[in-house]
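Visitor: Below are the structure tokens for one structure; questions will follow.
The values are calculated or read from the model by the stated rules, or taken from the named source; none is laboratory data. On a predicted model such as this, the values are computed, not experimentally measured, just so you know. So basically every Cβ, Gly included, is an ideal-geometry build from the backbone, and we count neighbours across all protein chains shown. When the accessible area is computed, the model is the full protein with side chains, heavy atoms only, and any ligands, DNA or RNA have been set aside. Shrake-Rupley method; radii C 1.70, N 1.55, O 1.52, S 1.80 Å.
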Amino acid sequence: MQFRIPEFIRNRAFASACRLAVGAVIMLAANLTAVAAPMPPAAENVRLDDAPDDAGGVLIVSWKTPDPTASAGIVIERSATAAEQEKDANALWIEVERLGRDAVAGVDGSYSLKGVPNDEDTRVRVSILGIDGELSEFVESAPARPSASLFSFKRLPLLIVVAVVSLSVLVWVALARSGAPLKIRRIAALDAVDEAVGRATEMGRAVLFVPGIQDMNDIQTIAGLTVLGRVAQTAAEYDARLEVPTCRSIVMTAAREQVQAAHHAAGRPETYAEGNINYITDEQFGYVAYLSGHMMREKPAACFYMGAFYAESLVLAENGNSIGAIQIAGTAEPSQLPFFVAACDYTLIGEEFFAASAYLSGERDQLGSIKGQDVGKAFAIVVILIGTILATIAAVDADGSVGVWTESVVASLRSFFGG
Amino acid sequence: MLQRTIPLLILSASGLVLILSYFSPITETWSEQVVSWFNILAGVAFVLGAGNLLAVNLEKISSKRPGWAYAAITLVSFGAMLVVGLSKWGSVPDAKYPNVHLAGSQDSTQAGYGWAYEYVLSPLTATMFALLAFYVASAAFRAFRAKNLEAILLLGTAFIILLVQIAAGAFLTNWIPEDSFFAFLRAESLKAIVTEVFQTAGMRAILIGIALGTAATSLRLILGIDRSALSKG
């Protein structure tokens with residue numbers, strides 16, 4: 001038996017009607033589906049607060065997500081500023097951020113709104129983004145205005161430490177002035193300055209002083225230039241040639257002042273040669289290239305590296321070593337100290353470098369300040385010892401009541417000192 | 001007298017403002033102001049530096065001192081970069097102000113300055129930096145001679161670190177069970193012990209000393225106890 005399609009189905013009008021019917025069914029289904037997707041619950045307790053401990057310009061937006069499982073993100077909008085509204089009167093709300101699932105993973109969420117003007121009220125409104133991409137109703141916060149804090153409480157521990165160190169320095173300076181006995185241990189690297197300059201004089205070669213690669217706003221450069229004063233004075237007394245190539249223009253100017261003053265102090269102002277203190281380049285490796293070439297050609301008998309150094313430290317020290325120069329280095333860059341220790345004859349390690357100025361001057365005021373610094377060190381040692389003992393007890397008795405208590409004390413100490 | 005008093009006053013005021021602004025956010029803009037002043041000074045001082053560079057190198061060329069050709073190369077390079085940089089030769093037009101030539105960017109290699117930076121300065125800098133590897137080798141060779149007890153300890157520690165950094169370290173110690181008493185002898189444990197215990201302890205001690213030294217030095221300078229950094233004229 002042969003199957004035949006009925007004639008009315010072949011009819012064009014019927015086919016069109018069918019297409020319309022199918023389209024209508026699809027649209028109806030889509031609408032029904034859309035209605036079926038629930039709108040996510042709106043955020044609750046939307047707040048806008050000033051961020052603490054800052055210079056203003058930041059507000060903290062916080063909210064509660066009623067149903068984290070039904071939320072895929074959050075949209076944050078802020079009210080337009082007066083300036084923005086002047087440009088476009090219709091701009092009432094500006095989208096700031098569209099945060100992902102992490103922002104609504106818990107019930108409580110927050111966001112730092114930055115760049116907010118301090119002199120006008122700002123509002124925010126937030127809308128939870130549902131799993132299906134639907135947005136909840138926007139919930140608006142009360143207006144808020146950021147303000148600059150008078151004091152940063154999160155830096156209070158540091159202020160206490162600074163106060164303790166400063167006070168002890170001042171007390172020891174006063175004690176030193178009143179004639180209290182001061183004993184400062186010998187620093188071999190500083191005692192060797194005379195030996196190094198003397199050697200250069202005997203050999204008829206120059207003394208090279210490198211004051212680091214940072215500018216005058218780095219305390220290491222200042223400390224380095226202080227040592228330069230002493231080296232320059234010794235060189236002036238011995239009539240040795242001192243060369244100071246610098247990496248910064250201001251350092252060149254300051255170095256010239258130091259060396260000139262040292263020549264005056266040595267009673268030999270006529271031997272001061274400004275041309276021996278030059279600016280080379282700000283470029284780190286350009287400076288190193290110059291110094292390396294200069295050292296290989298001129299072969300200075302004594303090399304001083306005093307200041308802030310980075311990758312160039314070993315290049316310089318090894319070049320100096322290869323020409324047989326006596327080398328004295330000083331820096332407060334911990335990562336460069338091993339290189340100087342390995343390649344130089346003497347190295348001022350960290351605090352010794354900063355103590356150099358006081359040590360070389362021999363003034364009681366300055367030596368007193370070094371003793372004051374030691375009080376800070378004692379304070380650090382006590383805190384470290386207490387922390388170590390408590391942490392050990394906490395580890396040994398992890399489940400016991402003593403261990404839990406000490407663990408909480410350690411956590412408090414860590415939090416207080418910013419660890 | 002004034003030559004020392006005025007700089008001291010400026011130094012003390014600047015130092016105090018920077019400390020104050022660290023602890024009091026309301027005064028943060030003051031410290032930004034101080035930093036701006038320094039940047040202006042540094043900018044002006046750069047003219048001094050450039051002048052000195054010209055003077056020294058011109059003198060070398062005119063007196064035909066040994067290596068005067070290098071001085072000539074320095075001056076030519078200096079002049080070329082100055083002209084290319086200031087004229088913004090080949091700079092990419094700014095999207096906002098396409099008709100203003102000076103607003104263009106010199107970052108890309110299309111600009112003369114960017115090209116010279118990328119294809120001349122960077123390779124030269126990288127070459128100097130690459131030399132460091134050889135200097136490390138020669139310094140290590142000298143430092144690791146077992147002359148005394150300290151040097152032997154240094155050598156031993158360095159040997160452990162070198163060994164555990166390479167595949168041989170793991171190959172030689174992987175047979176030690178991870179849960180055994182001797183697990184600390186495994187390469188990764190040895191490295192952790194040296195770097196996280198000994199090195200960290202030593203480094204922190206140095207850092208605490210540096211922090212205290214910095215604080216004490218700053219205080220000496222701000223209070224005028226140490227005036228060695230100031231003009232003595």
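Visitor: Limited to the range A:237-261, what total is found for residues that are of a type in the set (A, V, I, L, M, F, W, C), over 25 Å from B:ILE40 (Cβ atoms) and in contact with a strand residue (DSSP E or B) (Cβ under 8 Å, 6 or more places away or on another chain)?
Guide: Of the residues in that region, 3 qualify.
Visitor: Please enumerate the residues belonging to the range A:266-281 that are surrounded by 16 or more Cβ atoms within 10 Å (Cβ to Cβ) and within 21 Å of B:GLU59 (Cα to Cα).
Guide: Scanning the range A:266-281 gives A:TYR272, A:ASN276, A:ILE277, A:ASN278, A:TYR279, A:ILE280, A:THR281.
Visitor: Kindly evaluate B:ALA192 against the criterion of being over 29 Å from B:ILE10 (Cα atoms) and open to solvent by 40 Å² or more (accessible area, probe 1.4 Å).
Guide: So B:ALA192 fails the test.
Visitor: Counting residues that are touching a helix residue (DSSP H, G or I) at 6+ places or on another chain (Cβ under 6 Å), touching a residue at least 24 places away in the same chain (Cβ under 8 Å) and not acidic (Asp, Glu), which helices (runs of 4 or more DSSP H) fully inside the range B:152-233 reach at least 3? Show your work before the answer.
Guide: On the way: elements: B:167-173, B:187-192, B:200-222.
Output list reads B:187-192.
Visitor: Also, quick follow-up: Just one of the numbered conditions (1) facing another protein chain (nearest Cβ under 10 Å); (2) among the β-branched types (Val, Ile, Thr); (3) surrounded by fewer than 24 Cβ atoms within 10 Å (Cβ to Cβ) is not true of A:ILE323; which one?
Guide: In the conditions (1) facing another protein chain (nearest Cβ under 10 Å); (2) among the β-branched types (Val, Ile, Thr); (3) surrounded by fewer than 24 Cβ atoms within 10 Å (Cβ to Cβ), A:ILE323 misses (1) alone.
Visitor: Take the residues in the range A:333-382 that are more than 9 Å from chain B (Cβ to nearest Cβ) and in contact with a strand residue (DSSP E or B) (Cβ under 9 Å, 6 or more places away or on another chain), then tell me which one is nearest to B:SER228 (Cα to Cα).
Guide: A:ALA356
Visitor: Taking the range A:206-246 as the search range and keeping residues that are within 13 Å of chain B (Cβ to nearest Cβ), touching a Gly at 6+ places or on another chain (Cβ under 7 Å) and not polar (S, T, N, Q), which one is surrounded by the fewest Cβ atoms within 10 Å (Cβ to Cβ)?
Guide: A:VAL227
Visitor: Right, another one. The conditions are (1) in contact with a helix residue (DSSP H, G or I) (Cβ under 6 Å, 6 or more places away or on another chain); (2) over 23 Å from A:GLY286 (Cβ atoms); (3) crowded, with 16+ Cβ neighbours inside 10 Å; (4) not hydroxyl-bearing (Ser, Thr, Tyr), and B:GLY104 fails exactly one of them. Which is it?
Guide: Looking at each condition in turn, B:GLY104 falls short on (1).
Visitor: Further question: Take the residues in the range A:282-315 that are aliphatic (A, V, I, L, M) and within 9 Å of chain B (Cβ to nearest Cβ); name whichever of them is most open to solvent (accessible area, probe 1.4 Å).
Guide: Once the filter is applied, the top-ranked residue is A:ALA289.
Visitor: Another question, if that's okay. Among the listed residues A:VAL139, A:VAL107, A:VAL61, A:VAL96, which satisfies the condition of being over 30 Å from A:GLN366 (Cβ atoms), of a type outside the set (D, E, K, R), touching a residue at least 24 places away in the same chain (Cβ under 8 Å) and open to solvent by 70 Å² or more (accessible area, probe 1.4 Å)? Talk me through it step by step, then tell me what you get.
Guide: On the way: A:VAL139 fails: open to solvent by 70 Å² or more (accessible area, probe 1.4 Å); A:VAL61 fails: open to solvent by 70 Å² or more (accessible area, probe 1.4 Å); A:VAL96 fails: open to solvent by 70 Å² or more (accessible area, probe 1.4 Å).
Going through A:VAL139, A:VAL107, A:VAL61, A:VAL96 in turn, the sole match is A:VAL107.
Visitor: Right, another one. Going through B:VAL76, B:VAL34 one at a time, which residue ends up being open to solvent by 60 Å² or more (accessible area, probe 1.4 Å) and in a helix (DSSP H, G or I)?
Guide: B:VAL76
Visitor: Can you name the condition, by its number, that B:TYR70 falls short on among (1) surrounded by 15 or more Cβ atoms within 10 Å (Cβ to Cβ); (2) facing chain A (nearest Cβ under 10 Å); (3) within 27 Å of the chain's Cα centre (by Cα)?
Guide: It is condition (1) that B:TYR70 fails.
Visitor: Another question, if that's okay. When you scan the range A:345-359, do you find a residue that is open to solvent by less than 10 Å² (accessible area, probe 1.4 Å), aromatic (Phe, Trp, Tyr) and without any contact (Cβ under 8 Å) to a residue 60 or more places away in the chain, even just one?
Guide: no
Visitor: I'm trying to understand the selection: among the residues of the range A:395-419, which are over 20 Å from B:ARG204 (Cβ atoms) and assigned to a helix (DSSP H, G or I)?
Guide: A:VAL396, A:SER401, A:VAL402, A:GLY403, A:VAL404, A:TRP405, A:THR406, A:GLU407, A:SER408, A:VAL409, A:SER412
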